[in-house]
1. Out of the residues in the stretch 42-54 meeting the condition of being within 18 Å of residue 121 (Cβ to Cβ) and in contact with a strand residue (DSSP E or B) (Cβ under 6 Å, 6 or more places away or on another chain), tell me which one is surrounded by the fewest Cβ atoms within 10 Å (Cβ to Cβ).
2. Six or more apart or on different chains, Cβ under 6 Å: which pairs go from a residue in the stretch 1-25 that's within 22 Å of residue 38 (Cβ to Cβ) to one that's modelled with pLDDT under 65? Could you list them?
3. How about the stretch 67-83: which of its residues are at negative phi and not in a helix (DSSP H, G or I)?
4. If residue 184 satisfies all but one of (1) exposed (fewer than 15 other Cβ atoms within 10 Å of the Cβ); (2) at pLDDT 95 or above; (3) within 25 Å of residue 23 (Cα to Cα), what's the number of the condition it fails?
5. Looking at 161, 99 in this structure, which one is crowded, with 21+ Cβ neighbours inside 10 Å, modelled with pLDDT under 95 and touching a helix residue (DSSP H, G or I) at 6+ places or on another chain (Cβ under 7 Å)?
6. Please find, within the stretch 126-148, the residue that is modelled with the highest pLDDT out of those that are closer than 15 Å to residue 204 by Cβ and surrounded by fewer than 17 Cβ atoms within 10 Å (Cβ to Cβ).
7. Please pick out the residue among 169, 156, 206 that is within 25 Å of residue 33 (Cα to Cα), touching a residue at least 24 places away in the same chain (Cβ under 8 Å) and not in a loop (DSSP other than H, G, I, E, B).
8. Listed residues 115, 64; which is in contact with a strand residue (DSSP E or B) (Cβ under 7 Å, 6 or more places away or on another chain), at pLDDT 95 or above and either part of a helix (DSSP H, G or I) or within 19 Å of residue 151 (Cβ to Cβ) (or both)?
């Protein structure tokens with residue numbers, strides 16, 4: 001689909017990881033966010049720009065700094081400070097991080113559909129993302145994980161779904177999963193054979209240092225052909 005824009009939700013500092021996830025380094029030396037950008041470019045080769053959402057206080061390395069100042073470089077960085085006030089939750093104990101990233105880019109392109117990928121999925125490849133695009137059915141389509149729950153941050157979001165998320169945040173909510181459920185969003189399973197373990201591997205979500213090391217071990221094993 002030529003009208004889908006790719007969005008990387010790079011977020012900010014992870015309390016559990018105790019570091020900036022987007023700057024974590026893969027076994028081959030590539031920063032995680034650059035790896036994810038490449039995957040999104042492969043999944044949406046017809047789209048000239050990949051959008052990267054970052055928390056306002058997120059550090060940028062030399063690559064991101066250059067991208068920020070180069071409007072023709074194929075990467076558009078959106079900081080949370082550019083978000084509409086409506087993306088701020090009325091409950092100070094509830095983080096609207098992922099929702100804020102989604103709505104920041106929705107504010108800039110209110111009629112666009114987005115292929116969304118959160119930084120938390122280091123084992124994702126372009127193949128399942130292409131499957132997701134081909135399976136897309138409005139208003140929102142996302143993967144279902146091995147436990148049977150939806151993964152809203154690996155999905156395709158329509159303007160209507162993002163508008164609904166905005167309304168939910170304005171009411172003090174902000175759960176993308178809830179929006180998928182309330183709108184009857186489509187959930188699809190990752191086809192088996194990807195990374196040798198189907199959706200369990202591809203949709204591995206890393207939140208701790210131990211989980212990150214586990215993901216890196218998988219990537220090293222693939223390179224070594226283990």
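The values are calculated or read from the model by the stated rules, or taken from the named source; none is laboratory data. If you're wondering where the values come from, they're calculated on a predicted model, not measured in any experiment. FYI the Cβ positions are ideal-geometry reconstructions off the backbone, even for glycines, and counts take in every protein chain you see.
1. Here is the first cut: in the stretch 42-54, the residues within 18 Å of residue 121 (Cβ to Cβ) are 42-44, 50-54.
Adding the requirement that they be in contact with a strand residue (DSSP E or B) (Cβ under 6 Å, 6 or more places away or on another chain) leaves 44, 50-54.
Working: 44: 22, 50: 25, 51: 25, 52: 28, 53: 29, 54: 26.
Looking at the filtered set, the residue picked out is 44.
2. What qualifies is 20/13.
3. Kept after step one, since they are at negative phi, are these residues of the stretch 67-83: 67-73, 75-83.
The answer is 69, 70, 71, 72, 73, 75, 76, 77, 78, 79, 83.
4. Result: residue 184 passes all but (3).
5. Numbers: 161 fails: modelled with pLDDT under 95.
Answer to the check: 99.
6. Per the stated criteria, the residue is 144.
7. Numbers: 169 fails: within 25 Å of residue 33 (Cα to Cα); 206 fails: not in a loop (DSSP other than H, G, I, E, B).
Exactly one of 169, 156, 206 is within 25 Å of residue 33 (Cα to Cα), touching a residue at least 24 places away in the same chain (Cβ under 8 Å) and not in a loop (DSSP other than H, G, I, E, B), namely 156.
8. It is 115.
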